[in-house]
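To start, the structure itself, in structure tokens.
The values are calculated or read from the model by the stated rules, or taken from the named source; none is laboratory data. Fair warning: this is a prediction, and the values are worked out from it, not measured in the lab. A quick note on method: Cβ atoms are made from the backbone with ideal geometry, for glycine too, and the neighbour counts reach across all protein chains shown. All accessible areas refer to the heavy atoms of the entire protein, side chains included, with ligands and DNA or RNA removed. Shrake-Rupley method; radii C 1.70, N 1.55, O 1.52, S 1.80 Å.
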Amino acid sequence: DKYRGRALSVEGFRSTLVQYFDNGRSQRRDVLPSLIERLESLHKTIDSLVQYRFYGGSLLIVYDGSLQSNAIDVRMIDFAHTTRVKSTENDSSNE
């Protein structure tokens, strides 16, 4: 949960990630390139949203633990701390 996450050190965070990607038989390191790609895509999208400010939020990372699948999904959830910057007169975006 978020309270446990806030208390994690860098090493604790690494350990938690290793634990998360362990399906009980092996560590699913093969899904990491897809995860990184999706995180980079999300970062690029958020960075392009000039009218929105995200002050906090959560990432939901879901993957298929079976070795036959590399399916992974990343979603940004919990938008409680998001604001929209007021548009200027020069802004031609739709409201």
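I'm trying to understand the selection: among the residues of segment 56-76, which are part of a strand (DSSP E or B) and touching a residue at least 24 places away in the same chain (Cβ under 8 Å)? Break it down stepwise before answering.
Residues of segment 56-76 part of a strand (DSSP E or B): 58-63, 72-76.
Residues satisfying the conditions are 58, 61, 63, 72, 73, 74, 76.
Would you mind stating whether residue 83 is outside any helix (DSSP H, G or I) and among the β-branched types (Val, Ile, Thr)?
Values: outside any helix (DSSP H, G or I): yes; among the β-branched types (Val, Ile, Thr): yes.
So residue 83 passes the test.
Pairs needed: first member in segment 26-55, under 15 Å from residue 73 (Cβ atoms) and without any contact (Cβ under 8 Å) to a residue 24 or more places away in the chain; second member anywhere, of a type in the set (Phe, Trp, Tyr) and open to solvent by less than 90 Å² (accessible area, probe 1.4 Å); C-beta distance under 8 Å; at least 6 residues apart or different chains.
Note: pairs meeting the criteria are 32/21.
Out of segment 76-85, which residues are of a type in the set (D, E, K, R) and under 16 Å from residue 49 (Cβ atoms)?
Here is the first cut: in segment 76-85, the ones of a type in the set (D, E, K, R) are 78, 84.
Answer for segment 76-85, where residues must be of a type in the set (D, E, K, R) and under 16 Å from residue 49 (Cβ atoms): just 84.
Look through segment 6-36, keep the residues that are touching a strand residue (DSSP E or B) at 6+ places or on another chain (Cβ under 9 Å) and within 26 Å of residue 80 (Cα to Cα), and return whichever of them is surrounded by the fewest Cβ atoms within 10 Å (Cβ to Cβ).
In this case the residue turns out to be 20.
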